[in-house]
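The values are calculated or read from the model by the stated rules, or taken from the named source; none is laboratory data. Here the structure is a predicted model, which is why all the values come from computation and not from measurement. Cβ atoms come from the backbone with ideal geometry, glycine included; neighbour counts cover every protein chain shown.
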Amino acid sequence: MYKQLPGETTSTRLEELLSPTGKVFLQIDLDANDQWIYANWIGYPTHDNVAKGAFAYLDWMQAKGRSAVLNDNRNLVGRWDNSLDWLEQHWIPYAVKKGLKYWAHLDTTGTFSADSADQLRARVRGRFEVQLFDDQAAAENWLRSKLRLKR
């Protein structure tokens, strides 16, 4: 039988989204401490996958009564800047409507995906708080600090 190690966390898988070819492109989890939604993106980000996935994790966030997302792009291959206009026009207003307050974006420094995230941050224009990270512990600590202040 597996025994959880001290400091180790677990999460609850809420949904896995599949591409038209049947490959998982997004795993949506509820954080072990039930503080935020964790969105783990995988593979090549097509516009359709970005749109479907971005709405899906916000729907779960609202359904679980949360206001924060840890968006992990470390397993993505390529850029998603072809979706930036759509994200600005549709996703950002939807995120605000669903109650998003804190969006921690986790990525690998110097990648095309990280460049896309930096461009998206500029388009949010203060409608919710955005912070970019290359370290998961730092991203989680930022979310914890923001959620602790909110209470």
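Residues to consider are 48, 72, 81; find the one that is in contact (Cβ under 8 Å) with a residue 60 or more places away in the chain and acidic (Asp, Glu).
72
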### Query
Looking at the range 58-69, which of the residues that are hydrophobic (A, V, I, L, M, F, W, C) and in contact (Cβ under 8 Å) with a residue 24 or more places away in the chain is farthest from residue 24 (Cα to Cα)?
68
#### Entry: Single condition residue 56 does not satisfy, out of (1) part of a helix (DSSP H, G or I); (2) closer than 23 Å to residue 32 by Cα; (3) over 14 Å from the mean Cα position of the chain (by Cα)
(3)
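Given the criterion in a helix (DSSP H, G or I) and over 16 Å from residue 51 (Cα atoms), identify the matching residue among 117, 139.
It is 139.
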#### Entry: From 100, 87, 70, residue being closer than 18 Å to residue 13 by Cβ and of a type outside the set (Phe, Trp, Tyr)
70
### Query
Looking at the range 39-53, which of the residues that are aliphatic (A, V, I, L, M) and in a helix (DSSP H, G or I) is surrounded by the fewest Cβ atoms within 10 Å (Cβ to Cβ)?
51
### Query
If you check 113, 67, 83, which single one turns out to be at pLDDT 95 or above and of a type in the set (Ser, Thr, Tyr)?
67
### Lone unmet requirement of (1) touching a residue at least 12 places away in the same chain (Cβ under 8 Å); (2) surrounded by fewer than 16 Cβ atoms within 10 Å (Cβ to Cβ) for residue 18
(1)
### Query
So, in the range 59-74, of the ones that are in contact with a Ser or Thr (Cβ under 8 Å, 6 or more places away or on another chain) and within 21 Å of residue 137 (Cβ to Cβ), which residue ends up surrounded by the fewest Cβ atoms within 10 Å (Cβ to Cβ)?
74
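Matching residues to (1) within 17 Å of residue 27 (Cβ to Cβ); (2) touching a helix residue (DSSP H, G or I) at 6+ places or on another chain (Cβ under 7 Å); (3) surrounded by fewer than 15 Cβ atoms within 10 Å (Cβ to Cβ); (4) of a type outside the set (Gly, Ala, Ser):
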| site | (1), (2), (3), (4) |
| --- | --- |
| 56 | yes, no, no, no |
| 76 | yes, yes, no, yes |
| 84 | no, yes, no, yes |
| 87 | no, yes, no, yes |
| 109 | no, no, yes, yes |
| 124 | no, yes, no, yes |
| 127 | no, yes, yes, yes |
| 132 | no, yes, no, yes |
### Task
Kindly indicate which of 130, 96 is under 15 Å from the mean Cα position of the chain (by Cα), under 16 Å from residue 39 (Cβ atoms), aliphatic (A, V, I, L, M) and not in a loop (DSSP other than H, G, I, E, B).
130
